[in-house]
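Input: a single structure, listed below in structure tokens.
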Amino acid sequence: AQSVSQHNHHVILSEAASLELGCNYSYGGTVNLFWYVQYPGQHLQLLLKYFSGDPLVKGIKGFEAEFIKSKFSFNLRKPSVQWSDTAEYFCAVNAARGTDKLIFGTGTRLQVFP
Amino acid sequence: DTAVSQTPKYLVTQMGNDKSIKCEQNLGHDTMYWYKQDSKKFLKIMFSYNNKELIINETVPNRFSPKSPDKAHLNLHINSLELGDSAVYFCASSPPQGAWETQYFGPGTRLLVL
């Protein structure tokens with residue numbers, strides 16, 4: 001069965017610090033990978049996704065993620081965070097040739113202080 | 001012009017009651033989903049419908065019954081509510097083209113069972 005691990009449960013940073021959130025998945029086949037963000041009191045929205053091509057994908061608000069197939073990883077990065085990046089970040093995966101059922105990680109809470 | 005809307009936003013009820021949550025999307029998508037987010041922010045899919053047909057049905061108690069009157073609506077009816085049903089329930093929708101498609105989430109319904 002597919003599963004997703006996000007090892008950082010809570011990350012606290014100062015503004016302008018660099019961010020990397022880990023995401024590892026377990027699945028033997030081809031996958032699609034997603035990062036969703038949930039700002040306080042808001043619904044989930046897509047930050048970026050990978051399904052084929054260049055393993056380095058760029059998303060909204062300066063975020064990017066790199067798919068490393070050999071490590072089953074899809075880590076999220078941002079070179080310089082802002083206070084407005086404070087949110088819950090969810091990594092998710094689905095099987096490329098299966099149903100569109102998304103398996104989510106447990107989320108990482110990011111707090112950015114001015 | 002809300003894309004995915006849910007009603008109500010908040011629902012407080014007693015154990016044993018029956019309640020419904022409604023979801024509507026105006027994106028023209030064929031596929032709709034229900035997710036449950038528990039108190040630890042863990043998101044898990046419950047159901048998905050494609051063009052009014054049930055596609056995914058995770059191991060959810062049969063007290064939960066989804067109903068899709070048309071492809072723009074997916075309602076969730078819960079019988080005999082239990083304390084453990086307290087959670088945030090998110091509706092989502094996506095185009096039918098493939099598993100790589102982005103899922104668009106509603107604002108969530110916060111259910112509290114007393």
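Quick notes
- Test: residue in the stretch B:35-45 that is at pLDDT below 90 and farther than 21 Å from B:V113 by Cα: no
- Of all residues in the stretch A:70-105 being under 26 Å from B:K44 (Cβ atoms) and among the charged types (D, E, K, R), the one that is farthest from the other protein chains (Cβ to nearest Cβ): A:K71
- The lone criterion from (1) of a type in the set (A, V, I, L, M, F, W, C); (2) under 24 Å from A:A95 (Cβ atoms); (3) at pLDDT 90 or above left unmet by B:A87 is number (2).
- A single entry from A:K69, A:K78 fulfils the requirement of being among the basic types (K, R), at negative phi and modelled with pLDDT of 95 or more: A:K78.
- Leading residue by the ranking (farthest from the chain's Cα centre (by Cα)) among those in the stretch B:69-80 that are more than 15 Å from B:S94 (Cα to Cα) and crowded, with 17+ Cβ neighbours inside 10 Å: B:I78
- Count of the stretch B:49-58 residues, restricted to those that are within 12 Å of chain A (Cβ to nearest Cβ) and either part of a loop (DSSP other than H, G, I, E, B) or surrounded by 15 or more Cβ atoms within 10 Å (Cβ to Cβ) (or both), is 5.
- Within the stretch B:15-48, the set of residues being surrounded by fewer than 20 Cβ atoms within 10 Å (Cβ to Cβ), of a type in the set (A, V, I, L, M) and not in a loop (DSSP other than H, G, I, E, B) comprises B:M46 only.
- Meets criteria (over 30 Å from A:R109 (Cβ atoms), part of a loop (DSSP other than H, G, I, E, B) and not small (G, A, S)) for B:N75: no
- In the stretch B:38-56, the residues that are within 29 Å of A:R109 (Cα to Cα) form Cβ pairs under 8 Å with partners that are at pLDDT below 85 and among the basic types (K, R), at six or more places apart or across chains, as follows: B:I45/A:K101; B:S48/A:K101; B:I56/A:K101.
- Test for A:K49: is it part of a strand (DSSP E or B) and either among the basic types (K, R) or away from chain B (no Cβ under 14 Å) (or both): yes
- Evaluation of A:D54 against (1) touching a residue at least 24 places away in the same chain (Cβ under 8 Å); (2) under 16 Å from B:W100 (Cα atoms) (one fails), failing number: (1)
- Qualifying residues in the stretch A:62-90 (those that are of a type in the set (D, E, K, R), assigned to a strand (DSSP E or B) and touching a residue at least 12 places away in the same chain (Cβ under 8 Å)) - the one surrounded by the fewest Cβ atoms within 10 Å (Cβ to Cβ): A:R77
- Odd one out for A:Q2, checked against (1) within 11 Å of another protein chain (Cβ to nearest Cβ); (2) surrounded by 14 or more Cβ atoms within 10 Å (Cβ to Cβ); (3) under 30 Å from B:L54 (Cα atoms): (1)
- Screening the stretch B:100-114 for residues that are crowded, with 19+ Cβ neighbours inside 10 Å and within 14 Å of chain A (Cβ to nearest Cβ) and picking the one that is nearest to B:I55 (Cα to Cα) gives B:Q103.
- Within the stretch B:90-99, considering residues that are of a type in the set (G, A, S) and either surrounded by fewer than 17 Cβ atoms within 10 Å (Cβ to Cβ) or within 17 Å of A:L44 (Cβ to Cβ) (or both), the one modelled with the lowest pLDDT: B:G98
The values are calculated or read from the model by the stated rules, or taken from the named source; none is laboratory data. Source: prediction; values computed, not measured. All Cβ positions, even for glycine, are placed from backbone atoms using ideal geometry, and neighbour counts span all protein chains on display.
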